[in-house]
1. Which value in nm describes the separation of the simple spin-label points at A:Ala124 and D:Asp333, placed 7 Å from the Cα toward the beta carbon?
2. Using the per-residue mean of other Cβ atoms lying within 10 Å as a proxy for protection, in what order, highest first, do the peptides B:297-309, C:52-64, A:322-334 fall?
3. Let me check against my output: what whole-number percent is the relative contact order of chain C, with C-alpha pairs under 8 Å and at least 6 apart?
4. Just name one of C:Pro276, C:Leu192, C:Gln83: the one whose Cα is farthest towards the positive end of the charge dipole of chain C (beta-carbon charges, Lys/Arg +1, Asp/Glu -1).
5. For the protein assembly as shown, give me the percentage of DSSP beta bridges that are antiparallel, rounded to the nearest 5 percent.
6. So which aspartates and glutamates pass the test for C:Lys224, namely a Cα distance under 19 Å, with those fewer than 8 places away in the same chain ruled out?
7. Using a 7 Å offset from the Cα along the Cα-to-Cβ direction at both C:Lys278 and B:Glu263, what is the distance between the two label points in nm, to one decimal?
8. So how tilted is helix A:80-89 from the main axis of chain A? Cα-based, degrees 0 to 90, rounded to 10.
Protein chains: 4
Amino acid sequence: MIKAGIVGGTGYTGVELLRLLAQHSGVELTAITSRGEAGTAVAEMFSSLRGSVNLKFSDPKDAPLNECDVVFFATPNGIAMQQAASLLESGVRVIDLAADFRIKDIALWEQWYGMSHASPALVAEAVYGLPEVNREQIRTARLVANPGCYPTATQLGFLPLVQSGCIDLGHLIADAKSGVSGAGRKAEIGTLFSEASDNFKAYGVPGHRHLPEIRQGLARAAGKETNQIGLTFVPHLTPMIRGIHATLYARITREEDFQAMFEQRYAAEPFVDVLPPKSHPETRSVRAANTCRIAIHRPQGGDTLVVLSVIDNLVKGAAGQAVQNMNIMFGLDECSGLSQVPVLP
Amino acid sequence: MIKAGIVGGTGYTGVELLRLLAQHSGVELTAITSRGEAGTAVAEMFSSLRGSVNLKFSDPKDAPLNECDVVFFATPNGIAMQQAASLLESGVRVIDLAADFRIKDIALWEQWYGMSHASPALVAEAVYGLPEVNREQIRTARLVANPGCYPTATQLGFLPLVQSGCIDLGHLIADAKSGVSGAGRKAEIGTLFSEASDNFKAYGVPGHRHLPEIRQGLARAAGKETNQIGLTFVPHLTPMIRGIHATLYARITREEDFQAMFEQRYAAEPFVDVLPPKSHPETRSVRAANTCRIAIHRPQGGDTLVVLSVIDNLVKGAAGQAVQNMNIMFGLDECSGLSQVPVLP
Amino acid sequence: MIKAGIVGGTGYTGVELLRLLAQHSGVELTAITSRGEAGTAVAEMFSSLRGSVNLKFSDPKDAPLNECDVVFFATPNGIAMQQAASLLESGVRVIDLAADFRIKDIALWEQWYGMSHASPALVAEAVYGLPEVNREQIRTARLVANPGCYPTATQLGFLPLVQSGCIDLGHLIADAKSGVSGAGRKAEIGTLFSEASDNFKAYGVPGHRHLPEIRQGLARAAGKETNQIGLTFVPHLTPMIRGIHATLYARITREEDFQAMFEQRYAAEPFVDVLPPKSHPETRSVRAANTCRIAIHRPQGGDTLVVLSVIDNLVKGAAGQAVQNMNIMFGLDECSGLSQVPVLP
Amino acid sequence: MIKAGIVGGTGYTGVELLRLLAQHSGVELTAITSRGEAGTAVAEMFSSLRGSVNLKFSDPKDAPLNECDVVFFATPNGIAMQQAASLLESGVRVIDLAADFRIKDIALWEQWYGMSHASPALVAEAVYGLPEVNREQIRTARLVANPGCYPTATQLGFLPLVQSGCIDLGHLIADAKSGVSGAGRKAEIGTLFSEASDNFKAYGVPGHRHLPEIRQGLARAAGKETNQIGLTFVPHLTPMIRGIHATLYARITREEDFQAMFEQRYAAEPFVDVLPPKSHPETRSVRAANTCRIAIHRPQGGDTLVVLSVIDNLVKGAAGQAVQNMNIMFGLDECSGLSQVPVLP
């Protein structure tokens, strides 16, 4: 039985981790911290967990995190980089769902995240937790940087093309649409129901923090430098709770059987589902599940390839992928606790 | 391993049954029928089931339903009453999710449902599948009439009061709100997104088919005749996919500790959760789960009691309750296959 | 040309006032204040107003409110009671969209609103701005207390019954459902899209501030004391932006032709529409318009009457009614600026 | 007073035409036809129109359309091409909101719409009703082909670039998102609330009928042949009622001040609003209004230009643009009846 702790469990990735871990037969949830809610029963804050989770939130300084086998950080950016080192020294393995350890280039990270990095050495050690790319390194990692939601959907959609070298890497386009839960459980006007419902808009077009993460991932897959990847990334806020739909555009530079390429690339992947030709994946087809579904199109037989990639931003885009990484790290069946059938309708 | 069949699996209760049975370790899904979709893979119609359900829809006349241990009817009203008899004769146990066997008074049923009943004798035999009332009879039943969604939420909310005889049975009010999936997966203008979204309305105020079902259930619980139960039932269409919220009003005729009454009545029930005083249950707190959550209020200390009762109409209000009944009928753990934690947000 | 000012224009009632006044041919919008947004162009905050409203928010202390003919307070509770007196002394007429002047019983107001009242004398003078009841007093009023949203829908639905004395006034029930904009444009977790979407819940069941307002209004209409009105009021949060649907229940004590009673009561009212028998009004049928639509039912011929009453909470429930009051106060056509056809779908 | 008739008024473009014409001081609505609803009061079908529209639907063969000055076709594709000729011969001017007269290349039209064209000669005569391009021809047109919703948002976003010749015309990308009302008021499963809510998907990626319309329009603007315009067009279904958000991508081939280019191109246009740099237009900022709002971005200073263009699909994308065309055709103020301020929230 793996003892798991969660730091910062009052956000959406926190409650989603709780949902998944409560259904995981190999995990014992040992502690969950929250500075603001210490002493409150988790199920009092999230009534969906009544009967499933009996823990109370602990004050961070009292929580027995050192006794855990693994600790998940479901915190805002900038927390894990301060607290991970001491846990690692105690022999606890760490999975950070925030962005602290995702970008290898410290200067680049500091530029996009607007703070100094507290643990550059750990960045070098951290394994980027996209199992479809780094499964072997994840097995033995002490510290896993769980990917962002947009980067997961986007990279899984571009990977086979980038690795095969059959597209123009200098002019990739990722037009991505996210449900509102991607903005987190924070009191803000912009994500109020009356602002975000019955509405659609782009945001962060001049620059979004997930841009350098995606470029880094694609560059590694292509065997290139990050600055060799030209990517226009436009995220949009969509009036739904969960789900990311990435619509990806690439210029073909070498003819291939793209459908076959994707099917082969992901044939052994338990959580990537390549749909038949002419399919249009829906975000609800993965609602509450750890699956990424992908379809490939070549409209009108032109030289532009269109890849459609959908995930649940809170599962494969956050908490589910973190559990998948934990399963790999501890030698469990990779699908343990992740076999929920998507909820439709 | 229980062999289960589903008749009419292309509606929302059908796909929900599939979701739940696919995650039930004691059930083997043997056949699912659809006249219109025979030969189509289930996962082609419902892409959420890709990887979880490998069956194809069978033509009803070819499906090996006689070899099943249990057959679920997820059909429109009027189908099960024609087909149940031959299955029962073959030794197959039947759970009807439609209304064919719910009302004991045949004339009343025919009046509300607008057709002649094809199997009055089976109506007499059928057990009304509300486990919180009829668990013992369900164990040995050949034929279970699975309750309607509104009747489940309403009866569970009124039951302790009605059984204790402390309220005015002649003037009950059930103001109920349902998500749109309660209307089924039928091509109709009234439930289009552009009609039902960002909108709220009552419907069926002059009379709704669930009214006689609720009155019958409450009368039995009270030890009265149906016509001794005065109930005003007003259903409303709510712009959400799943969920029923029943707001119930009763005039107090005898003082009691109502909170304690509810807690005791449901203390042993695995799927009824009585919330602490002053709570307001949310439909999402039971989304995709088989739980009913209930809160009791006595506003301003007056003589009107307010009970708030929420369920997921497709789970405790349909497919989940059907699986619960199956578990009881076959001596399984009542919670088998029903332990999913609600999906929030 | 009437010169109008708005105090506190950054909330939903503020922006709705701006929308309506911008289309009102008899009004010149002179000033709008906001402490936090002074200097910002209104159309920068609300891009829907680009091209229609060219004002900037003024600091409250600089705004030329004294030069206005009328000032609307679209502020939180407790502001207008501090600022109205000096405006009135300057000859400016005032319409308060908050609750400061609605409740005549000062002690009762202080109990429900949790603060001391700053202007008890003005409460005595203020006219409750429900034109269907107080049109004549509104004409000459210096200070109008614009009704709350729930109280508008509820009173208009109960009024004919209460005035005719044909129902049991001791046991009224108002089961009311509001769109999320009723909670205002405030950064709060409970009204985030990811919390309020695809969800339904009651709130404030133990007691809601609109309860005493409704009771006062019904008591006056009935010629009774407030404590003679027994009302159970249960508000619910509904996943839509605009709209209130009040489902009202009353026990009949004297037979009447209720349909005719309502039609006669509202025959001359420009903004109350009594639907034909057996109708179910939808909130979207009044979206963005100042109309209240009402239907009367007597389910199953019993002794319980059901009235369905819908309004747009931001129009007839707030800004539209305020403009209607202004029209009456200044001798304009009561419908000026309020002739928009509802937006459907 | 212009006498206007509507053929086929039971869909969303029909009811939107009714809403706008009811508020147009220069128009008298003379007749509205519906085969299926002949004799029904319009306001009975659309309760939002109670008090604003007193007409009944007429049977098409009885309606006095020949007496109208203008007739709008709000019909499915293939109707106007059969009925327009006789109206035109009677001196009635015609505005077709369907696609019958939009594509000049008859073979191309027949290929995409799957039927033979009944009036090729009228196609040659028809003026494509995008006022920002063809205002002068519209003035004198007998027959106007009102543009599609996607084509309106997309062309207005690309026009200044295409006309200036500063982008690669062979590799344009239009990633467009539409509210569900774009699918019309038809009883279909795919657009049910329970299917389309809390969900996002692309559709028609292999080919959508608006593709040839957009290409034709851009080619004309560029002074090129249609086959010289390379366009990848990916439409998506978005869980909102109204609104189109087109995210447009173009490769820069010549440096320009793009912001200034757009501002100058649309300086005199009453219904195109170019936002300041770094803006993100929201669909709700044009809800229920005839405005198109546009923002221009050049992310990270690269060579890809991103244009964001939003409209209300039922107004500027259909009924509003039709009224705008009517105003131009009859010499009215172009903004008559179209001055509604957008409804936000």
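1. Those two pseudo-labels are separated by 7.2 nm.
2. The packing order, highest mean first, is A:322-334, B:297-309, C:52-64.
3. This gives 17 percent for chain C.
4. C:Leu192
5. Antiparallel bridges make up about 45 percent of those DSSP assigns within the protein assembly as shown.
6. C:Asp105, C:Glu132, C:Asp168, C:Glu213
7. Label at C:Lys278, label at B:Glu263, 4.9 nm between them.
8. Roughly 60 degrees, rounded to the nearest 10.
The values are calculated or read from the model by the stated rules, or taken from the named source; none is laboratory data. Remember, it's a predicted structure, so these values are computed and weren't measured experimentally. No Cβ is skipped: glycine too gets one built from the backbone with ideal geometry, and neighbour counts run over all protein chains shown. Side chains are part of the model used for accessible areas, which takes the heavy atoms of the whole protein and leaves out ligands, DNA and RNA. Shrake-Rupley method; radii C 1.70, N 1.55, O 1.52, S 1.80 Å.
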